[in-house]
Amino acid sequence: MTTKKSTIARPSRAKSAARPATAVKRVPKKQPPKVKAASSRQGVTKAPAAPKRASSSKGVAQDQELVAADTRPRSTRGGRIGRPKTRFENLQAVPTRCPSHIYTYLRGITPFLYPSLTAMFEDMITRFLKEQPWEHGLHWRKPKTAMTYAKGMAGATGWSQVNIQLPLELKERVTNVASVCGVSNACLCYTAIFWWVQYIYPPAKMVGSSSATSA
């Protein structure tokens, strides 16, 4: 009795060669992080930083004087109120009074003529003492008080308190001239303000006259 051997069909080599070979993806190996190489330059060293110069005793003294001279009031938080001083010399106050509308006018024309109202007052008093207009017919003008009291009631007079800040040397000149002329410092300074507004920088000169604007 004969038995037939089972044959398993095998693919031919031609068919297997026709199939494209599948590419195997290669996962790149993780490389360790690169370490920056040391500089190849040899013999190059950084120059040591120059030591800071110690401030001189004179500069420290000036700074202390400026801090001590800062008399601006402090707020509730401890900070200074107002603009800091931009001048190194100590100024002296010469109190006077003038009508409120004149003081407002002076503050209005200051930005067009001077860097500050203090600079305007200094130039004003200097020119007033140099030209001496009281020798050419200008009458002294006594300032009025800023407040008045009638029947126990206080009222405003329309005049404002003005503290003119001047250098010490200029303030002493004001005191000497006022003493010679027999007037007070307040009278001399208010007369200078009146002279400045009336003859040096009158409103007609600053805004132009009516004839000039109409033309």
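The values are calculated or read from the model by the stated rules, or taken from the named source; none is laboratory data. Just so it is clear, the structure is predicted and the values come from calculations on it, not from any experiment. Positions of Cβ are generated from backbone atoms using ideal geometry, with glycine treated the same way; all protein chains shown enter the neighbour counts.
Go through (1) on the phi > 0 side of the Ramachandran plot; (2) touching a residue at least 12 places away in the same chain (Cβ under 8 Å) for residue 128 and report which single condition fails.
(1)
Select from the stretch 92-123 the residues that are among the basic types (Lys, Arg) and free of Cβ contacts under 8 Å to residues at least 12 places away in the same chain and list them in ascending order.
Of everything in the stretch 92-123, just one residue is among the basic types (Lys, Arg) and free of Cβ contacts under 8 Å to residues at least 12 places away in the same chain, namely 107.
Residues to consider are 205, 171, 144; find the one that is in a helix (DSSP H, G or I), at pLDDT 85 or above and surrounded by fewer than 18 Cβ atoms within 10 Å (Cβ to Cβ).
Going through 205, 171, 144 in turn, just one is in a helix (DSSP H, G or I), at pLDDT 85 or above and surrounded by fewer than 18 Cβ atoms within 10 Å (Cβ to Cβ): 205.
Can you tell me how many residues in the stretch 78-116 are in a loop (DSSP other than H, G, I, E, B), modelled with pLDDT under 70 and on the phi < 0 side of the Ramachandran plot?
So the count comes out to 9.
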